[in-house]
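Note sheet for the following structure.
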Amino acid sequence: GHFRTASCIACGVPYDGKKCRDEIVDSVVPTCPKCGCLVKPDIVFFGESLPVRFKNLLHSDLGSCDLLIVMGTSLKVAPVSLIPEMVNSRTPRVLMNRELVGDFVPPGVEGNYRDVFQEGDCDDSVRKLCSFLGWEEELLEMNERLGLDNDD
């Protein structure tokens, strides 16, 4: 998840993500300027239900998936942890992570025809991928536009 966006849990009014993060870090409870209810980052916390949209789109997305990229996860919490096992058995899967997780097959194992494991930090791995594809400059420009840190 991230803190780029936030919203009221009652009325759904958008709330500045940076302000929400800063308030939480300062032990201030963010509240909605419209209705006074709680505001939270637009992420799913442990124990919360996934949005209805997840359930509605999962199977059609799996059916049209021609490459699955999994990044920065322990793959311990269902149902998201099951997604890599649910894609078609011929669909290539890339894991960008500090450790090998889930049912990803380690490099060099005979019969591994679809799994790639890029060990390391996700940001570094994404930058490396973008560099290979000739997209690094565009990535850095996008990060700057969004106020994200481009430093190593």
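The values are calculated or read from the model by the stated rules, or taken from the named source; none is laboratory data. No experiment lies behind these values; they were computed from the predicted model shown. Don't worry about glycine lacking a Cβ; one is built from the backbone with ideal geometry, like all the others, and counts go over all protein chains shown. Note: accessible area is taken over every heavy atom of the protein model, side chains too, but ligands, DNA and RNA are not part of it. Shrake-Rupley method; radii C 1.70, N 1.55, O 1.52, S 1.80 Å.
Flag set for VAL39, criterion: β-branched (Val, Ile, Thr), in contact with a helix residue (DSSP H, G or I) (Cβ under 9 Å, 6 or more places away or on another chain) and surrounded by 12 or more Cβ atoms within 10 Å (Cβ to Cβ). Right, VAL109: surrounded by 15 or more Cβ atoms within 10 Å (Cβ to Cβ), modelled with pLDDT under 95 and either of a type in the set (Val, Ile, Thr) or in a strand (DSSP E or B) (or both) or not? Spelling it out, it is not the case that VAL109 is surrounded by 15 or more Cβ atoms within 10 Å (Cβ to Cβ), modelled with pLDDT under 95 and either of a type in the set (Val, Ile, Thr) or in a strand (DSSP E or B) (or both). Only a single criterion out of (1) modelled with pLDDT of 95 or more; (2) surrounded by 13 or more Cβ atoms within 10 Å (Cβ to Cβ); (3) not polar (S, T, N, Q) is not satisfied by VAL80, namely (1). The number of residues in the range 130-146 that are free of Cβ contacts under 8 Å to residues at least 40 places away in the same chain, out of contact with any Asp or Glu (no Cβ under 9 Å at 6 or more places or on another chain) and within 27 Å of THR5 (Cα to Cα) comes to 10. Within the set ARG98, ARG93, ARG127, the sole residue that is touching a Phe, Trp or Tyr at 6+ places or on another chain (Cβ under 7 Å) and either surrounded by 12 or more Cβ atoms within 10 Å (Cβ to Cβ) or more than 22 Å from ARG4 (Cα to Cα) (or both) turns out to be ARG93.
Considering (1) open to solvent by less than 80 Å² (accessible area, probe 1.4 Å); (2) out of contact with any strand residue (DSSP E or B) (no Cβ under 9 Å at 6 or more places or on another chain); (3) of a type in the set (Phe, Trp, Tyr), the lone condition that TYR15 does not fulfil carries the number (2).
Checking each residue in the range 20-36 for being open to solvent by 80 Å² or more (accessible area, probe 1.4 Å), under 16 Å from CYS8 (Cβ atoms) and modelled with pLDDT of 95 or more picks out VAL29, PRO33, LYS34. Of the residues in the range 45-68, not one is aliphatic (A, V, I, L, M) and within 24 Å of ASP149 (Cβ to Cβ).
Confirm whether LEU58 is within 25 Å of LEU129 (Cα to Cα) and open to solvent by less than 40 Å² (accessible area, probe 1.4 Å). Criteria not met by LEU58.
Among the residues of the range 77-116, the ones that are without any contact (Cβ under 8 Å) to a residue 12 or more places away in the chain and under 18 Å from the mean Cα position of the chain (by Cα) come to 2 in all. Of everything listed in (1) touching a His at 6+ places or on another chain (Cβ under 9 Å); (2) free of Cβ contacts under 8 Å to residues at least 12 places away in the same chain, the single unmet condition for GLY47 is (1).
Based on what the data block shows, is PRO51 in contact with a strand residue (DSSP E or B) (Cβ under 6 Å, 6 or more places away or on another chain) and closer than 20 Å to CYS8 by Cβ? Judged against the criteria, PRO51 is not a match. The range 8-101 holds helices (runs of 4 or more DSSP H) entirely within its bounds, and those carrying 2 or more residues that are under 25 Å from ARG127 (Cα atoms) map to 17-25, 83-86.
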